[in-house]
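K.L.:
Please find one structure pasted underneath; my questions will follow.
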Amino acid sequence: MENNCIIARRRQDGIIQYGRCGNGGYLANVAFTLLSWYDDPVMVDYLFGIGQIDHLGIPFSEKRAKRECYLDDTITIQTGEKYGEADSERCIFSKTAPVDRGYLYDWDGKWYYIDPQPVRIKIPLDFMYRKLYKTDDLTDYLMRINHMVATHIVRQYPKIDPGFAALMKKYDRCAIIQSIDASDWPIQVLYENYRDLFHYLDDWAVIILDAEQKKVASIQIRKAENPRTETIDWPVCPARLERPQQGAFVTGYARDYVKGYLLGMLKMQCKVKNSQNPAVPEWFVRQFSATLGDEMEACRLIDEWWDVLLDESEYLRNTFDIGLEKGKKYYLEQTELRLSQL
């Protein structure tokens, strides 16, 4: 039976975009496509730029969807609807009809599988795909994850939160553990039978992997807050510290664009006596002049002082932004060309 599935992403301004995914949401299909074709900030921008979809295929395939058979699994079929927008990841499910599974692209440049139990469990998608792509036991594994989270809540979390430990004293701890162990979906047991314990906690949990990204190392849950802190900003999740603004290809393209502009401008400036250009700090012009036309040395000098130059010159920062846009356009053109040759 086909499941309801959504995809979502957190934009750089913090807004969450979310909407229909299609494909039945099946992990083997959706995860493979997302990780193979849309695992780059540029391609994620492209994916969320074409609107909601009934079927997820390879990039640019939506252009031929009307003239080719809809049974072709490589074709993306659009619904014609824009993605919804919200200010929190919690809205991915609360503003959407009952959903069986979700996929979220977060600030850290990674896709996550979201299991929409009463506690939304956020799991790295590449880990889930590697774990399960050869089998069909997703439900069994999600039961195991469900047990891990529920067990962590009643056994480990009281040790680090005295408030939660005090609240648990209202109940027979052994009875809670027994009811969890006896259930296939123990988080549902907590939700139905121990509402005050359930609502004490945030309704999301994050699966943290070991250094080799091969197994679950820990589970992060935390007390509910108002205003709420998004999972990307939870202490154990270092991703917030390093948000990849663009993919490596696009960033490199923009850097080369600025470098080429600088080289041309500085060569001209050095030829014209007493010429000044507010776009480049005067101290750097003097250092550039000392390279005596050696382009390799000049490029090395630009690389060495790159961060300082962008920090001191608004003009160069704007030039870099132009380079990013040109890089994204070129990246998409080359991707479309490569796919057309398959």
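The values are calculated or read from the model by the stated rules, or taken from the named source; none is laboratory data. Quick caveat: nothing in here was measured; it's all calculated off a predicted structure. Glycine gets a Cβ as well: all are built from the backbone with ideal geometry, and neighbour counts include every protein chain shown.
K.L.:
Among the residues of segment 180-196, which ones are without any contact (Cβ under 8 Å) to a residue 40 or more places away in the chain and under 13 Å from PRO118 (Cα atoms)? So that I can check it myself, show each step before the final result.
P.N.:
Residues of segment 180-196 without any contact (Cβ under 8 Å) to a residue 40 or more places away in the chain: 180-183, 189, 192-196.
If the condition is that a residue be without any contact (Cβ under 8 Å) to a residue 40 or more places away in the chain and under 13 Å from PRO118 (Cα atoms), then VAL189, GLU192, ASN193, TYR194, ARG195 are the ones that fit.
Every residue, every condition in (1) more than 26 Å from the chain's Cα centre (by Cα); (2) assigned to a loop (DSSP other than H, G, I, E, B); (3) surrounded by fewer than 17 Cβ atoms within 10 Å (Cβ to Cβ), yes or no:
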residue	(1), (2), (3)
GLY109	no, yes, no
ASP115	no, no, no
PRO118	no, yes, yes
HIS152	no, no, yes
LEU167	yes, no, yes
TYR191	yes, no, no
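K.L.:
Looking at this structure, is SER183 within 30 Å of ASN29 (Cβ to Cβ) and more than 32 Å from the chain's Cα centre (by Cα)?
P.N.:
On the way: within 30 Å of ASN29 (Cβ to Cβ): yes; more than 32 Å from the chain's Cα centre (by Cα): yes.
Yes: the conditions hold for SER183.
K.L.:
Now a separate question. For segment 127-150, what are the residues that are within 16 Å of the chain's Cα centre (by Cα) and either among the aliphatic types (A, V, I, L, M) or surrounded by fewer than 18 Cβ atoms within 10 Å (Cβ to Cβ) (or both)?
P.N.:
Residue satisfying the conditions is MET128 alone.
K.L.:
So LEU324 ticks every box in (1) more than 30 Å from MET43 (Cβ to Cβ); (2) modelled with pLDDT of 80 or more; (3) not charged (D, E, K, R) but one. Which box is left unticked?
P.N.:
(1)
K.L.:
Here is a follow-up. Mind checking which residues of segment 107-154 are farther than 20 Å from TRP37 by Cβ and among the basic types (Lys, Arg)?
P.N.:
ARG120, LYS122, LYS131, LYS134, ARG144
K.L.:
Any idea which of LEU56, LEU47 is crowded, with 17+ Cβ neighbours inside 10 Å and at pLDDT 90 or above?
P.N.:
LEU47
K.L.:
Does ILE145 meet the test of being assigned to a strand (DSSP E or B), at pLDDT below 95 and not assigned by TED's automatic domain parsing to the domain that holds ILE15?
P.N.:
Working: assigned to a strand (DSSP E or B): no; at pLDDT below 95: yes; not assigned by TED's automatic domain parsing to the domain that holds ILE15: yes.
So ILE145 does not fit the description; no.
K.L.:
Considering only residues that are aliphatic (A, V, I, L, M) and either in contact with a helix residue (DSSP H, G or I) (Cβ under 9 Å, 6 or more places away or on another chain) or at positive phi (or both), look in segment 263-298 and name the one that is modelled with the lowest pLDDT.
P.N.:
Start the filter on segment 263-298 by keeping residues that are aliphatic (A, V, I, L, M), which leaves 263, 265-266, 268, 272, 279-280, 285, 290, 292, 296, 298.
With either in contact with a helix residue (DSSP H, G or I) (Cβ under 9 Å, 6 or more places away or on another chain) or at positive phi (or both) added as a condition, the list becomes 263, 266, 279-280, 285, 290, 292, 298.
Values: LEU263: 77, LEU266: 69, ALA279: 68, VAL280: 74, VAL285: 75, ALA290: 76, LEU292: 63, ALA298: 79.
Looking at residues that are aliphatic (A, V, I, L, M) and either in contact with a helix residue (DSSP H, G or I) (Cβ under 9 Å, 6 or more places away or on another chain) or at positive phi (or both), I get LEU292.
K.L.:
With respect to the numbered conditions (1) in a helix (DSSP H, G or I); (2) modelled with pLDDT under 90; (3) not β-branched (Val, Ile, Thr), which one is the sole condition not fulfilled by LYS134?
P.N.:
All conditions pass for LYS134, except number (1).
K.L.:
Could you figure out which of (1) surrounded by fewer than 12 Cβ atoms within 10 Å (Cβ to Cβ); (2) in a loop (DSSP other than H, G, I, E, B); (3) in contact with a helix residue (DSSP H, G or I) (Cβ under 9 Å, 6 or more places away or on another chain) isn't true of GLY163?
P.N.:
Single failed check for GLY163: (2).
K.L.:
Right, something else. Kindly indicate the residue of segment 205-230 that is touching a Phe, Trp or Tyr at 6+ places or on another chain (Cβ under 7 Å) and over 24 Å from MET168 (Cβ atoms) and also surrounded by the fewest Cβ atoms within 10 Å (Cβ to Cβ) among those meeting that condition. Explain how you work it out, then say what you get.
P.N.:
The first filter runs over segment 205-230 and keeps only residues touching a Phe, Trp or Tyr at 6+ places or on another chain (Cβ under 7 Å), leaving 206, 209, 213, 220-224.
Narrowing the set further to residues that are over 24 Å from MET168 (Cβ atoms) leaves 209, 213.
Details: LEU209: 15, GLN213: 11.
Ranking the candidates gives GLN213 first.
K.L.:
Any idea which residue in segment 1-34 is farthest from GLN117 (Cα to Cα), counting only those that are surrounded by fewer than 17 Cβ atoms within 10 Å (Cβ to Cβ), of a type in the set (A, V, I, L, M, F, W, C) and at pLDDT below 90?
P.N.:
Among those residues, the one meeting the criterion is PHE32.
K.L.:
Among what's in segment 287-321 and is polar (S, T, N, Q) and within 37 Å of the chain's Cα centre (by Cα), pick the residue that is surrounded by the fewest Cβ atoms within 10 Å (Cβ to Cβ). Give the steps one after another, and end with the answer.
P.N.:
Start the filter on segment 287-321 by keeping residues that are polar (S, T, N, Q), which leaves 287, 289, 291, 313, 318-319.
Right, trim to within 37 Å of the chain's Cα centre (by Cα) and you get 313, 318-319.
Details: SER313: 20, ASN318: 12, THR319: 19.
Out of the qualifying residues, it is ASN318.
K.L.:
Still on this structure: Checking the structure you have, find out if any residue of segment 75-96 is at pLDDT below 90, small (Gly, Ala, Ser) and not in a loop (DSSP other than H, G, I, E, B).
P.N.:
yes
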